[in-house]
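Taking it in order: structure first as structure tokens, then the write-up.
The values are calculated or read from the model by the stated rules, or taken from the named source; none is laboratory data. Please read all numbers here as calculations on a predicted model, not as lab measurements. Note that each Cβ is placed from the backbone with ideal geometry, even for glycine, and that neighbours are counted across all protein chains shown. All accessible areas refer to the heavy atoms of the entire protein, side chains included, with ligands and DNA or RNA removed. Shrake-Rupley method; radii C 1.70, N 1.55, O 1.52, S 1.80 Å.
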Amino acid sequence: MDQCRAKLESTSLVKLYGEFTGTSNRKGRCAVILTEKDLVVQRLTSAPVGRNKVVLSLKDCVGCRAYRGNDSADKAAYLVAYFYPLKRRWMSSKVSRQRVEQGFRLASLQDPQANLEEAEKWARAVRERSARQQFPRNGVLMSQMSRPCQMMLLVNPQSGKGQALTLYNNHIQRMLNEAGIKHTLVITERQNHAREMVKEADLSQWDALVIMSGDGLLYEVINGLLERPDWEEAIRTPLGILPGGSGNALAASIHHYSGASPVTSEELLVSCGFLLCKGLVSHMDMVSVHLCSSPRLFSFLSLAWGFVADVDIESEKYRHFGAVRFTIGTLVRLASLRVYKGRLAYLPATRDHNSEEALRSNTMLCKDRVPPVTLPAVRDSSFHNSCHSNNSLKVRRVESTPSRSVTKALPGPHDSLLPPLDQPLPDDWVVVPEEDFVLMLAMYQSHLAEDLLAAPEATPDDGVIHLFYVRAGISPTALLRLFLAMEKGAHLTTNCQHLVYTKVRALRLEPYSPKGIITVDGEVVEYGPVQAAVHRGLSRLITG
Ligand SMILES: Nc1ncnc2c1ncn2[C@@H]1O[C@H](COP(=O)(O)OP(=O)(O)OP(=O)(O)O)[C@@H](O)[C@H]1O
């Protein structure tokens with residue numbers, strides 16, 4: 001055993017060393033070492049070392065605590081650490097986060113208080129080191145929520161298959177307790193309940209607002225925040241999302257940004273719960289949406305018209321099937337594929353625009369209550385990346401007056417890119433030559449649903465709208481092939497001549513037919529002319 005200790009301590013990486021017993025088996029002793037990055041547990045037996053050694057990465061640790069047992073005659077103190085490492089599922093090549101609890105009994109001293117102090121020293125050291133394990137995203141540093149923190153957790157009990165509260169009880173409550181995160185549970189009672197609540201709330205009480213539902217509840221919360229007179233401060237409150245709906249697009253996007261391989265359902269929930277506990281905060285783009293007669297809206301996910309919007313809304317009736325509702329809806333709509341007529345125009349994203357926006361966002365950060373975040377460098381060499389090779393030759397430009405402001409008097413940020421909806425577009429906009437479409441989809445996060453990686457290049461704060469449209473003439477089989485490829489984000493490499501993809505900063509759509517469906521973040525909005533513009537990094541998102 002001394003040999004083992006000497007071997008373990010020989011490395012300068014060791015921060016703490018102790019010999020404890022397990023919590024259930026008091027005879028089984030183990031050597032425990034804490035390094036800057038790992039907790040190493042070595043069972044002290046005569047068996048070969050490899051088989052008795054567990055190395056747990058502190059990156060996977062959400063919390064650690066020390067406590068005294070219930071038995072007052074017991075002089076020992078206890079130490080327990082909670083990990084959610086990525087593990088391969090049994091008989092599967094897929095990996096997902098799975099809970100591992102490591103508990104130890106410390107009883108080397110006669111004085112119970114001294115044992116507790118020793119256990120607390122360990123718990124603090126584990127927590128501090130696990131908090132130091134940052135996850136850089138594409139070389140970007142994110143800020144971390146300070147502890148202790150207080151979250152408002154809004155749960156929509158009707159979301160998805162109506163299981164959100166059960167999922168909260170089975171997973172999230174325990175995870176947040178393990179991470180030492182205090183939260184107040186708010187169960188939403190009706191539509192717009194969350195919107196009204198955040199509009200009136202004293203936000204100084206909350207370090208984060210977390211939504212456990214589909215994307216619709218977050219849409220309400222964001223719009224509630226941006227309707228406040230203090231919207232500029234309010235929208236900087238970090239927002240979190242836990243998947244409780246059937247689409248869960250933002251939750252799937254957050255999981256994707258963390259670099260982990262795709263998961264769905266409860267595995268996605270555990271992953272998002274883990275990322276929430278780690279509490280890394282990055283910026284998230286917001287898109288302002290102007291409709292004919294409704295007030296301006298804010299969107300964090302998507303704007304859809306045509307096939308995608310129809311499937312989203314028509315598949316509501318299959319809600320009890322969960323995420324499969326979109327597959328059923330897609331097949332039903334494919335059987336009666338429609339053409340949607342309208343005029344689409346956009347302001348292309350350019351490298352210059354992006355750099356300008358990055359500068360503006362960085363300046364804005366100086367006022368933040370979270371520490372500064374470095375925005376990503378512009379990575380793309382070309383922002384106009386059409387899948388249809390002739391597209392750039394066919395675009396025509398509109399002759400018009402220069403851009404005029406549209407929203408100075410409204411709460412929320414000023415829309416400098418958009419003229420009033422009934423006014424002509426500025427001449428740096430591009431009008432799409434086609435007027436017959438099967439779908440138009442504007443995305444600002446990577447996922448359209450748990451299993452649809454619609455915009456593989458998207459990041460939460462890239463400052464661009466990823467615009468897709470499919471021209472009329474595509475066969476139902478080819479469209480189905482596109483959606484199947486989208487499950488892996490491979491639709492852009494299918495060489496489909498009807499699909500066009502381009503990065504834009506603003507867009508305008510004028511549907512010609514008198515009736516139809518337009519969705520914003522999966523919610524139906526007023527049908528008719530619509531225009532939208534991106535506001536880079538306006539909000540804060542707890543991500544990974
Ligand atoms: N208790 C409630 N009863 C009915 N509706 C509610 C309740 N709480 C919230 N809502 C409303 O339900 C709507 C749908 O919520 P959300 O999109 O979050 O879940 P979902 O529709 O189940 O998700 P998905 O679109 O992924 O299926 C929101 O507009 C929200 O305002």
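Looking at segment 140-197 only, could you name the residues that are farther than 28 Å from E227 by Cβ and small (G, A, S)?
Scanning segment 140-197 gives G162, A179, G180.
Output the residues belonging to segment 106-123 that are open to solvent by 40 Å² or more (accessible area, probe 1.4 Å) and touching a residue at least 60 places away in the same chain (Cβ under 8 Å).
A107, S108, E118, K121
Considering each residue of segment 452-472, count those that are open to solvent by 10 Å² or more (accessible area, probe 1.4 Å), touching an Asp or Glu at 6+ places or on another chain (Cβ under 8 Å) and over 15 Å from G522 (Cα atoms), and give that number.
5
When you look at K15, is it without any contact (Cβ under 8 Å) to a residue 12 or more places away in the chain, open to solvent by 20 Å² or more (accessible area, probe 1.4 Å) and part of a strand (DSSP E or B), yes or no?
Here the answer is no, as K15 does not meet what is asked.
How many residues are open to solvent by 10 Å² or more (accessible area, probe 1.4 Å) and under 19 Å from H255 (Cα atoms) when one looks only at segment 277-305?
So the count comes out to 1.
Would you tally the residues in segment 518-539 being touching a residue at least 40 places away in the same chain (Cβ under 8 Å), of a type outside the set (D, E, K, R) and open to solvent by 40 Å² or more (accessible area, probe 1.4 Å)?
Number of matching residues: 2.
Every residue in segment 198-210 that is in contact with a Gly (Cβ under 7 Å, 6 or more places away or on another chain) and within 16 Å of the ligand (Cβ to nearest atom), please.
Selection gives V198, K199, V210.
Report, by residue number, each residue of segment 179-188 that is more than 16 Å from Y219 (Cα to Cα) and either within 16 Å of the ligand (Cβ to nearest atom) or out of contact with any helix residue (DSSP H, G or I) (no Cβ under 7 Å at 6 or more places or on another chain) (or both).
Hits for segment 179-188 are G180, K182, T184, L185, V186, I187.
Among the residues of segment 49-77, count how many are part of a strand (DSSP E or B) and crowded, with 21+ Cβ neighbours inside 10 Å.
Qualifying residue count for the region: 6.
Go through the residues of segment 295-307 one by one and say whether even a single one is part of a loop (DSSP other than H, G, I, E, B), under 20 Å from F468 (Cβ atoms) and either of a type in the set (D, E, K, R) or under 21 Å from the mean Cα position of the chain (by Cα) (or both).
The answer is yes; a qualifying residue exists.
Take K341 and decide whether it is open to solvent by 70 Å² or more (accessible area, probe 1.4 Å) and part of a strand (DSSP E or B).
yes
Restricting to segment 211-233, name every residue that is within 12 Å of the ligand (Cβ to nearest atom) and of a type outside the set (V, I, T).
Scanning segment 211-233 gives M212, S213, G214, D215, G216, L217, L218, Y219, E220, N223, G224.
Quick test for you: out of L509, L484, pick the one residue that is at pLDDT below 95, among the hydrophobic types (A, V, I, L, M, F, W, C) and either under 19 Å from P348 (Cβ atoms) or outside any loop (DSSP other than H, G, I, E, B) (or both).
Checking each option against the conditions leaves just L484.
What number of residues within segment 86-123 are over 38 Å from the mean Cα position of the chain (by Cα) and in a strand (DSSP E or B)?
1
So for segment 115-130 (the condition being within 18 Å of Y67 (Cα to Cα) and touching a Pro at 6+ places or on another chain (Cβ under 7 Å)), does at least one residue qualify?
No, segment 115-130 contains no residue that is within 18 Å of Y67 (Cα to Cα) and touching a Pro at 6+ places or on another chain (Cβ under 7 Å).
Taking the conditions exactly as written (surrounded by fewer than 23 Cβ atoms within 10 Å (Cβ to Cβ), of a type outside the set (G, A, S), more than 10 Å from the ligand (Cβ to nearest atom) and modelled with pLDDT of 95 or more), does R236 satisfy them or not?
yes
Checking A485 against (1) touching a helix residue (DSSP H, G or I) at 6+ places or on another chain (Cβ under 6 Å); (2) crowded, with 22+ Cβ neighbours inside 10 Å: exactly one of these is not met. Which one?
Checking A485 against (1) touching a helix residue (DSSP H, G or I) at 6+ places or on another chain (Cβ under 6 Å); (2) crowded, with 22+ Cβ neighbours inside 10 Å, the one that fails is (2).
Within segment 271-282, is even one residue within 16 Å of the ligand (Cβ to nearest atom), closer than 16 Å to L441 by Cα and not aromatic (F, W, Y)?
There is no residue in segment 271-282 that is within 16 Å of the ligand (Cβ to nearest atom), closer than 16 Å to L441 by Cα and not aromatic (F, W, Y).
Evaluate segment 157-165: report whether one residue or more is out of contact with any Asp or Glu (no Cβ under 8 Å at 6 or more places or on another chain), within 16 Å of the ligand (Cβ to nearest atom), over 21 Å from I254 (Cβ atoms) and aliphatic (A, V, I, L, M).
Yes, because at least one residue in segment 157-165 is out of contact with any Asp or Glu (no Cβ under 8 Å at 6 or more places or on another chain), within 16 Å of the ligand (Cβ to nearest atom), over 21 Å from I254 (Cβ atoms) and aliphatic (A, V, I, L, M).
For the subset of segment 79-103 comprising residues that are among the small types (G, A, S) and closer than 17 Å to L39 by Cα, which member is most open to solvent (accessible area, probe 1.4 Å)?
G103
Mind listing just one residue for me: the one in segment 512-529 that is part of a strand (DSSP E or B) and not hydrophobic (A, V, I, L, M, F, W, C) and, of those, farthest from the ligand (Cβ to nearest atom)?
T519
Take the residues of segment 239-270 that are away from the ligand (no atom under 12 Å from the Cβ) and polar (S, T, N, Q): which is surrounded by the fewest Cβ atoms within 10 Å (Cβ to Cβ)?
Ranking the candidates gives S261 first.
Can you tell me which of F483, F437, F468 is more than 16 Å from the ligand (Cβ to nearest atom) and either free of Cβ contacts under 8 Å to residues at least 40 places away in the same chain or of a type in the set (D, E) (or both)?
Only one candidate qualifies: F468.
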